[in-house]
Amino acid sequence: MKNQLFFYFLCMLASLSWSQQEVQYTQYMYNMSVVNPAYVTDNPGVLNLGLIYRQQWVGIDGAPASGSFFAHTPLGNNIEVGLTLQTDQIGNVIKEHNFNVDFAYKIDLSYTSKLSFGLKAGVNLFNTDFSGFNLQSGQFSSDPSFSENINNNFINIGAGAFYFSDNFYVGLSVPNLINTKYLSKTNGLYEIEEERHYFFTTGYVFEVNEMLRLKPSILTKAVVGAPLIVDMNVNALYNDRVEFGLGYRLNDAFIAMFNIKVNDKLRIGYSYDYTSTNLNTFSNGSHELFLIYDLNVFSKGFNKSPRFF
């Protein structure tokens with residue numbers, strides 16, 4: 001049944017024109033450079049490194065798995081640059097690798113509030129492998145959509161804006177301005193196209209007392225041809241070291257997350273999504289791990305209070 005479910009999923013994609021979706025991360029607040037090139041750490045002299053891995057819909061054969069590596073650092077007082085490497089895979093059939101460079105220019109609006117504008121540029125490597133398909137007789141037995149593998153490279157350009165202070169942030173971004181056609185609708189084939197994705201992110205840090213802070217956050221993703229995605233989360237940070245939270249993805253999943261600051265440089269975290277749709281009959285949920293490391297290579301010491309987002 002699990003193999004059949006994955007096959008029907010692929011058939012659904014091939015039977016109509018569809019929009020290729022950007023990777024969805026639950027712990028986006030620790031990986032915002034992936035969706036917004038204007039995101040900056042504003043931590044002079046520190047190279048911020050991160051890894052994140054997501055296993056979607058555990059228990060379903062061929063379920064999506066995604067991972068990313070990101071690095072960014074300020075250059076001078078107003079410029080921050082970054083690199084993002086991202087991979088997304090659906091079984092052994094669909095693989096996509098993205099390589100992007102980010103550039104952000106920061107403007108000091110006041111002593112505590114800042115605004116940055118960012119650009120993203122890179123390349124997407126997209127390929128499919130239908131060689132393992134055993135198409136049964138019927139509607140899909142001679143479907144030309146599965147007759148030839150796809151191996152293409154595409155240029156990507158994105159843009160964004162990010163406003164932040166010590167305890168608040170809000171961002172708008174379009175990480176893929178170019179509408180990429182992975183497969184054109186010719187000779188009976190169907191169309192696979194990546195539409196523009198529009199992201200809105202915001203969050204605030206409430207100081208309950210000296211030991212406890214609450215961090216509500218929201219991510220909204222809109223794209224033509226797909227339902228609106230809204231992530232709503234509330235995290236509690238204890239003693240600037242241990243953090244745990246709950247969240248809800250609209251019409252999709254309930255979320256639990258936890259992370260710990262191991263030392264002044266290293267933070268690791270984990271999240272679990274419980275699928276709230278009918279897919280939970282087949283899936284055991286989704287797991288996600290992240291690691292963030294601040295490498296102090298350009299200055300003699302950390303000169304910034306703990307980074308909350």
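So what are the ³J(HN,Hα) numbers for region 158-171, from phi and the Karplus equation (6.51, -1.76, 1.60; θ = phi - 60°), rounded to whole Hz, Gly and Pro as x?
x, 8, x, 9, 9, 10, 8, 10, 5, 9, 8, 8, 8, x
What is the Rg over Rh value, at two decimals, for region 195-252, using alpha-carbon atoms and the Kirkwood definition of Rh? Walk me through the intermediate numbers first.
Details: Rg = 14.3 Å, Rh = 12.8 Å.
That ratio equals 1.12.
Would you mind ranking Arg196, Arg267 so that the residue whose beta carbon has the fewest other beta carbons within 10 Å leads the list? Mind showing how you got there, number by number?
On the way: Arg196 15, Arg267 20.
Ordered by Cβ neighbours within 10 Å, fewest first: Arg196, Arg267.
Within region 211-264, list the trypsin sites (Lys or Arg not before Pro) lying in a DSSP loop whose Cβ has at most 14 other Cβ atoms in a 10 Å radius. Write down the numbers at each step before the final one.
Details: sites: Arg213, Lys221, Arg241, Arg249, Lys261; in loops: Arg241.
Answer in residue order: Arg241.
Could you run the Karplus curve 6.51 cos²θ - 1.76 cosθ + 1.60 with θ = phi - 60° over region 200-214 and give me ³J(HN,Hα) per residue in whole Hz, x for Gly and Pro?
Each residue's phi maps through the Karplus curve to give 10, 10, 7, x, 9, 10, 9, 8, 6, 7, 5, 9, 10, 10, 9 Hz.
Please work out the FRET efficiency for the pair Val123 and Leu266, using the Cβ-Cβ distance as r and a Förster radius of 30 Å; give the result to the nearest 0.05.
0.45
Pop out the ³J(HN,Hα) list for region 266-281 in order, Karplus 6.51 cos²θ - 1.76 cosθ + 1.60 with θ = phi - 60°, rounded to Hz; leave Gly and Pro as x.
These are the phi-based 3J(HN,Hα) values: 10, 10, 10, x, 9, 9, 10, 9, 9, 5, 9, 8, 5, 5, 5, 5 Hz.
Give the distance, in whole Å, between the Cα centre of region 238-294 and the Cα centre of region 18-58.
Between the Cα centres of region 238-294 and region 18-58 lies a distance of 13 Å.
Quick note: the coordinates plus some simple rules give every number you see, no bench work behind them. Keep in mind that what you see is a predicted model, and the values were worked out from it rather than measured. Every residue, glycine as well, gets a Cβ built from its backbone with ideal geometry; the counts of neighbours run over all protein chains shown.
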